[in-house]
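The values are calculated or read from the model by the stated rules, or taken from the named source; none is laboratory data. Everything quoted here is computed from the prediction, not taken from an experiment. Cβ placement follows ideal geometry from the backbone for every residue including glycine, while neighbour counts extend to all protein chains displayed.
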Amino acid sequence: MVEATRELTLYVQSKKTVTTFYRPSVNPAGVGPTTATTVGGAPSLRAEADATVGGDGPVYFLSDDQSRSLALAEEIALRRGYRIKVVDVEKAGRLERLVTEHLRGVQTFPVLVAPSGFRLVGCEQFTEENLAAVMPTELKSVRALTYIKVKGGDLDRIRQMLEDLSEVKELHFLTGDWDILVVLQFPPTTTNKRRVLDFVTERIRGIPEVIDTSTLVPEYSVTKFP
């Protein structure tokens with residue numbers, strides 16, 4: 001069973017078209033089409049594939065921009081350990097749409113609703129950065145934050161030397177007691193704080209202009225970055 005905090009609901013709005021092209025029944029038992037499904041550990045049933053069965057009944061399909069938003073949301077959810085329940089409002093029933101708090105005031109679709117109630121509304125908001133923000137996940141690597149104090153020297157050279165270190169992922173230049181904040185990243189196997197400090201003292205303190213460092217190694221980290 002999926003934790004409620006790991007499941008999001010994605011509301012899409014399909015279009016309906018009437019076709020006279022013969023389509024034999026694919027549901028002899030008379031069971032209606034699925035209007036919701038989960039992804040991320042379970043098979044995904046595309047909303048655009050759902051259709052009213054019968055020889056010449058209506059066919060529902062998603063526009064390309066909504067299909068792209070759905071595919072991107074599924075991809076990120078699967079990668080970050082979330083599940084998405086997909087609901088097609090065109091097949092969910094008029095009364096259900098009117099009383100659904102999550103859809104009040106919505107004019108454009110798709111709409112992704114997080115457990116907190118936060119919403120992404122419209123295809124423009126379905127970016128990797130926004131989707132990652134509503135699906136925060138634990139870091140699989142070890143991060144460390146190192147403050148650096150330098151004395152004079154060529155700042156561009158110091159910057160280049162730090163950038164050349166593969167463990168250095170971000171550089172932030174500061175004003176105040178410290179001159180540079182460095183974000184370091186190590187493989188998840190590097191669980192020993194001493195190994196992180198060994199790297200700082202040997203590689204970063206090895207730069208001649210560096211006169212002092214102070215390193216923080218978090219016990220637990222969560223990220224909203226993609």
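Restricting attention to the stretch 160-173, which residues are outside any strand (DSSP E or B) and among the aliphatic types (A, V, I, L, M)?
Start the filter on the stretch 160-173 by keeping residues that are outside any strand (DSSP E or B), which leaves 160-167.
Listed by number, the residues that qualify are Met161, Leu162, Leu165.
Determine if the stretch 133-143 includes at least one residue that is free of Cβ contacts under 8 Å to residues at least 24 places away in the same chain and either among the acidic types (Asp, Glu) or in a strand (DSSP E or B) (or both). Talk me through it step by step, then tell me what you get.
Going residue by residue through the stretch 133-143, those that are free of Cβ contacts under 8 Å to residues at least 24 places away in the same chain are none.
There is no residue in the stretch 133-143 that is free of Cβ contacts under 8 Å to residues at least 24 places away in the same chain and either among the acidic types (Asp, Glu) or in a strand (DSSP E or B) (or both).
Let me confirm something: among Glu90, Glu75, Glu124, which residue is outside the structural domain of Arg194 (by TED's automatic domain parsing), over 30 Å from Leu181 (Cβ atoms) and in contact (Cβ under 8 Å) with a residue 12 or more places away in the chain?
Details: Glu75 fails: in contact (Cβ under 8 Å) with a residue 12 or more places away in the chain; Glu124 fails: in contact (Cβ under 8 Å) with a residue 12 or more places away in the chain.
Of the residues listed, the single one that is outside the structural domain of Arg194 (by TED's automatic domain parsing), over 30 Å from Leu181 (Cβ atoms) and in contact (Cβ under 8 Å) with a residue 12 or more places away in the chain is Glu90.
Could you please let me know if Leu131 is within 24 Å of the chain's Cα centre (by Cα), of a type in the set (A, V, I, L, M) and assigned by TED's automatic domain parsing to the domain that holds Leu112? Talk me through it step by step, then tell me what you get.
Numbers: within 24 Å of the chain's Cα centre (by Cα): yes; of a type in the set (A, V, I, L, M): yes; assigned by TED's automatic domain parsing to the domain that holds Leu112: yes.
For Leu131, the condition - within 24 Å of the chain's Cα centre (by Cα), of a type in the set (A, V, I, L, M) and assigned by TED's automatic domain parsing to the domain that holds Leu112 - is met.
Conditions first: (1) part of a helix (DSSP H, G or I); (2) more than 32 Å from the chain's Cα centre (by Cα); (3) of a type outside the set (Ser, Thr, Tyr); (4) modelled with pLDDT of 95 or more. Arg157 passes all but one, so which condition is the exception?
(4)
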